[in-house]
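These notes concern the structure reproduced below.
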Amino acid sequence: AQTVTQSQPEMSVQEAETVTLSCTYDTSESDYYLFWYKQPPSRQMILVIRQEAYKQQNATENRFSVNFQKAAKSFSLKISDSQLGDAAMYFCAVESGGGADGLTFGKGTHLIIQP
Amino acid sequence: ETGVTQTPRHLVMGMTNKKSLKCEQHLGHNAMYWYKQSAKKPLELMFVYNFKEQTENNSVPSRFSPECPNSSHLFLHLHTLQPEDSALYLCASSQEIRGPRGTEAFFGQGTRLTVV
């Protein structure tokens with residue numbers, strides 16, 4: 001069974017600063033995908049970034065980047081130049097069962113942006 | 001707008017009621033999912049459908065009954081629920097299971113269910 005651990009229930013960062021959200025996971029799969037999702041107060045889960053486990057290069061999407069350490073099973077999210085609109089719950093997820101079992105999510109990190 | 005629409009947005013029902021949640025996706029995806037999101041807990045996968053066939057039932061009580069008439073529509077029929085079933089129910093879709101982009105799921109805004 002897959003597990004995802006997000007050890008930071010809440011993080012706070014000043015606007016324009018950089019913040020890193022941590023995530024560790026465990027899976028028996030050799031080939032899998034990892035995701036970070038954002039859930040603002042509107043409740044809509046929005047995909048932030050995706051990483052293929054077979055790729056060593058860290059994924060980047062504008063101000064969002066990941067630090068993927070496969071051996072350590074670590075998948076942290078870095079948000080640069082934080083903006084007020086980044087305030088949300090952030091969930092780390094790993095694909096389960098080769099995809100047949102959907103996604104396994106962590107408990108989430110509540111990100112607060114201070115103006 | 002992500003192309004996944006859920007109705008209703010909010011639902012209050014008694015324990016003896018029967019109600020249904022609806023999910024519709026306009027993304028041309030072939031896999032659809034129901035997740036349950038409770039306070040202080042990770043999202044829990046409930047059901048998976050791939051090309052209209054149910055591929056996963058994650059030990060969900062029979063008072064939850066899914067239906068997938070076609071690849072664009074997914075229902076969750078509810079009957080004789082318990083107060084602990086109160087949660088946010090999220091529908092998601094993906095291109096397919098084990099597709100080239102992994103299980104990259106697109107979510108609806110959810111139905112906030114309260115059982116009284």
| request: Go through region B:1-26 and count every residue that is out of contact with any Phe, Trp or Tyr (no Cβ under 6 Å at 6 or more places or on another chain), open to solvent by 20 Å² or more (accessible area, probe 1.4 Å) and farther than 16 Å from residue B:77 by Cβ. | output: 6
| Checklist (1) surrounded by 13 or more Cβ atoms within 10 Å (Cβ to Cβ); (2) more than 11 Å from chain A (Cβ to nearest Cβ); (3) not hydrophobic (A, V, I, L, M, F, W, C) applied to residue B:53, failing item | (1)
| said: Condition check: farther than 19 Å from residue A:103 by Cβ, part of a loop (DSSP other than H, G, I, E, B) and open to solvent by 20 Å² or more (accessible area, probe 1.4 Å). Does residue A:72 satisfy that? | reply: yes
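Would you mention how many residues in region B:40-89 are in a loop (DSSP other than H, G, I, E, B) and either more than 30 Å from residue A:6 (Cα to Cα) or touching a residue at least 12 places away in the same chain (Cβ under 8 Å) (or both)?
Applying the first criterion (in a loop (DSSP other than H, G, I, E, B)) to region B:40-89 yields B:40-43, B:51-52, B:58-63, B:71-72, B:80-82, B:86.
If we keep only those that are either more than 30 Å from residue A:6 (Cα to Cα) or touching a residue at least 12 places away in the same chain (Cβ under 8 Å) (or both) too, we end up with B:43, B:51-52, B:58, B:60, B:62-63, B:71-72, B:80-82, B:86.
Total satisfying the criteria: 13.
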| note | Checked pairs for region A:30-54, first surrounded by fewer than 17 Cβ atoms within 10 Å (Cβ to Cβ), second in a strand (DSSP E or B) and small (Gly, Ala, Ser), C-beta under 9 Å and 6 or more apart or across chains, list as A:40/A:88; A:41/A:88; A:46/A:88
| said: Looking for something at the interface with another protein chain (Cβ under 8 Å from one of its Cβ atoms), open to solvent by 50 Å² or more (accessible area, probe 1.4 Å) and either at pLDDT below 95 or over 10 Å from the mean Cα position of the chain (by Cα) (or both) - is there at least one such residue anywhere in region B:30-47? | reply: yes
| Taking into account only those residues within region A:78-97 that are open to solvent by 10 Å² or more (accessible area, probe 1.4 Å) and small (Gly, Ala, Ser), which is modelled with the lowest pLDDT? | A:97
| field | Residue among A:22, A:42, A:65 that alone is within 30 Å of residue B:7 (Cα to Cα) and small (Gly, Ala, Ser) | value | A:42
| task | List the number of the failed condition for residue A:50; all other conditions in (1) at pLDDT 95 or above; (2) part of a strand (DSSP E or B) hold. | result | (1)
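The values are calculated or read from the model by the stated rules, or taken from the named source; none is laboratory data. The structure presented is a predicted model; accordingly, all values stated were derived computationally and were not measured. Cβ sites come from the backbone with ideal geometry, for glycine too, and all protein chains shown count toward neighbours. Accessible surface is based on the protein model in full, side chains and every heavy atom, while ligands, DNA and RNA are left aside. Shrake-Rupley method; radii C 1.70, N 1.55, O 1.52, S 1.80 Å.
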